[in-house]
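Take a look at the structure set out below.
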Amino acid sequence: MLGVLVNAICAFILALSGFYIIKKITKSNEKIDKRKIIILMINAFSIAIIRTAEYNSISSLISFVINTLTYKVLFHESIEKAAIATGLLSLIVVSADVIFSVTQLILVPLAKTYSDYVTYFISNMIIVILSLIIISIKPIESRMNKFFITLSKKDLKINVIFILFIMIIISFFVYNVIINYQFNSKFLSDIIVIGSAISIGIIFISNKETYDKLSDEYDVLLSSVQNLEEWIENEQFIRHEYKNQLAVLYELSGEKDVKNKIQEIIDENLNINSEVITNLTNLPKGGLKGLIYYKTIVAKNNKINITINTSINTKGILNKLNKNQITTLSKLIGVYLDNAIDAAKKSRKKIILLEIYELKNRVNIVISNTFNKSSLVENRYDKGITTKGEGHGQGLYFARKILNKNNWIEEKQEIIDNYYIETITIKNTSKK
């Protein structure tokens with residue numbers, strides 16, 4: 001009975017501190033009250049009974065489930081978000097436990113930590129204090145909040161499965177540490193595995209955070225350029241009508257100077273980007289057309305000679321892609337055009353060629369650009385690798401992530417006649 005009571009007290013204090021930590025992680029405005037205290041007490045006694053009966057890796061996972069359900073009720077979150085918040089809480093507590101265990105076994109050996117109730121209570125209180133200290137460090141608190149937001153936005157079920165997978169590994173090796181609890185090679189190997197599992201979790205979340213940030217930026221861009229698509233079509237119609245009216249005025253005017261000026265307007269002002277607009281006509285709506293037009297403007301502003309040629313069937317593969325596929329393809333083309341523009345503007349000739357043509361069972365999108373050979377980076381697809389300076393080097397890493405998630409798109413690069421050539425191939429998905 002004493003064991004259950006001590007376990008319950010420790011579990012309650014840990015649950016109470018967990019409430020405070022999750023409040024910081026989620027930036028919640030929830031406050032503690034009598035109802036929440038009762039729920040935390042029920043949580044504590046449930047976990048105490050499980051751990052007193054038989055403490056093992058399975059009981060740790062059951063405790064994780066109980067905590068998830070508890071924090072779901074306390075913070076009024078979905079079960080997925082509660083699991084993610086509990087997972088991040090567990091990473092903090094396990095980190096504190098590892099710090100305490102290593103320090104204690106090296107400096108202050110307490111052989112009876114998990115058998116003597118007094119030392120067990122003291123050990124748990126130290127871990128609670130360490131956990132609160134960790135979350136009180138502003139950079140860590142900020143990072144944990146960003147991790148929670150990242151994991152809660154997209155792919156919730158996949159993220160929860162990943163969190164559970166990490167927790168299973170950690171629970172198993174924490175249990176090994178507890179039953180072994182002496183400073184030897186096994187202890188060190190178990191601690192290394194636990195540390196590695198925590199690191200893998202942090203790396204996974206960090207990479208997802210980077211990917212989602214870039215994806216969101218392109219979502220905003222694509223949303224904006226869809227308005228540009230409508231403007232292109234309206235502008236094309238208005239220019240055509242205006243041009244017809246000027247042609248009528250040209251015929252009616254008898255003044256040579258007036259006729260010359262009208263002809264100049266028709267030939268020059270109204271033909272700006274008209275070839276580009278015509279070439280984009282058969283591209284599907286949804287952001288792709290507007291994105292290419294926008295990147296054309298960016299290229300011309302950088303004094304780059306950009307040429308676009310398309311040969312697309314309005315009922316072909318490209319126009320059969322669904323909205324999500326168009327968005328995915330647009331993001332990919334956006335990355336490669338950005339890199340082509342950046343490379344071309346640093347080169348001597350400053351040329352970009354964009355070709356989009358449809359073959360029997362596939363569409364090829366070929367981006368060719370002049371470049372400075374000294375700026376070519378071998379491992380450019382790795383995260384953060386760039387010649388542009390700090391804060392860049394994410395684009396091609398983002399593109400690689402997109403390609404890995406979409407097997408209906410293939411990509412290759414080659415260098416021919418001093419042109420860097422990026423080829424995106426869209427396979428005929430309708431055949432599947």
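Using a 1.4 angstrom probe on the protein heavy atoms only, could you order 19, 172 from most to least accessible area?
The ordering from most to least exposed comes out as 172, 19.
Once fully extended, how much extra length lies between residue 203 and residue 320, figured as 0.36 nm per residue of separation less the alpha-carbon to alpha-carbon distance?
38.4 nm
As an exercise, use a Förster radius of 51 Å and the Cβ-Cβ distance of residue 425 and residue 29 to find the FRET efficiency, rounded to the nearest 0.05.
About 0.50, to the nearest 0.05.
With r as the distance between the Cβ atoms of residue 142 and residue 58 and R0 = 35 Å, compute the FRET efficiency 1/(1 + (r/R0)^6) and round to 0.05.
0.55
Multiplying the sequence separation of residue 152 and residue 196 by 0.36 nm and subtracting their Cα-Cα distance, what value in nm do you get?
Difference between extended and current length: 13.5 nm.
Probe 1.4 Å, all protein chains in place: accessible area of residue 400 in Å², nearest 10?
80
How large is ³J(HN,Hα), in whole Hz, for each residue of region 297-308 in order, when computed from phi with the Karplus curve 6.51 cos²θ - 1.76 cosθ + 1.60 and θ = phi - 60°, using x for Gly and Pro?
4, 4, 4, 5, 5, 9, 6, 9, 7, 10, 10, 10
The values are calculated or read from the model by the stated rules, or taken from the named source; none is laboratory data. Quick caveat: nothing in here was measured; it's all calculated off a predicted structure. Positions of Cβ are generated from backbone atoms using ideal geometry, with glycine treated the same way; all protein chains shown enter the neighbour counts. Side chains included, ligands, DNA and RNA excluded: accessible areas come from the protein's heavy atoms. Shrake-Rupley method; radii C 1.70, N 1.55, O 1.52, S 1.80 Å.
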